[in-house]
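Working notes, beginning with the structure itself.
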Amino acid sequence: MNGITRWDPFRNVSTLQEQLNRLFEGKFSSNGDTSTLTAWAPSVDVYETENELVIKADLPEVPEKDIDVRVENNMLTIRGERKFEQKVKEENYLRMERSYGSFSRSFSLPNTVDTQAIKAEYTDGVLSVTLPKRAESKPKQVKINVTNGKN
């Protein structure tokens, strides 16, 4: 005599998920055996003050001569390259997580930025680009005289 088994439509979903994970692990993951020099994009912070916009980009071990900052058609572009050091042979690395090679980051600038007064400074591996706001776009404070409604 056969017992009645309740049908569970999700019973095999976990098995399917495990099979997909194994399939993609083999194709796309690296077990540390191989190391590649890949393109990278530096991390940036963008913030605004009353008078300016500031972009800070982390560019560790990128020489100043390899950094290019340009503004064209209200687009700020930061380009550069972090070169792989040849002091240690690539095959001697046990793990390589940092990326090397050329990079490019672009930022669309609002019309409120005075593109003629942009300044860039590079200190301790951090590029700071200061984008001053045009005088006409800065907030203006208007003094309001409050009078008593009685004469």
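Rule-based calculations on the coordinates, nothing more; no lab input. The shown structure was predicted, so the numbers you read here are calculated from the model rather than taken from an experiment. Here the Cβ is made from the backbone with ideal geometry for all residues, glycine too, and neighbour counts use every protein chain on show.
Here are the numbers:
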| quantity | calculated |
| --- | --- |
| Within the stretch 81-120: Cβ-based charge dipole about Cα centre, in debye rounded to nearest 20 (Lys, Arg +1; Asp, Glu -1) | 100 debye |
| Debye, to nearest 20: dipole size of the stretch 44-137, +1 on Lys, Arg Cβ, -1 on Asp, Glu Cβ | 260 debye |
| Relative contact order of the stretch 44-137, defined on C-alpha pairs under 8 angstrom at six or more residues apart (%) | 34 percent |
| In Å, descending, principal axis extents of the Cα set of the stretch 63-151 | 90, 29, 19 |
| Cβ-Cβ FRET estimate between K87 and D58, R0 fixed at 30 Å, reported to 0.05 | 0.85 |
| Which of I55, S102, N92, positive extreme of dipole for the stretch 44-137 (C-beta unit charges) | N92 |
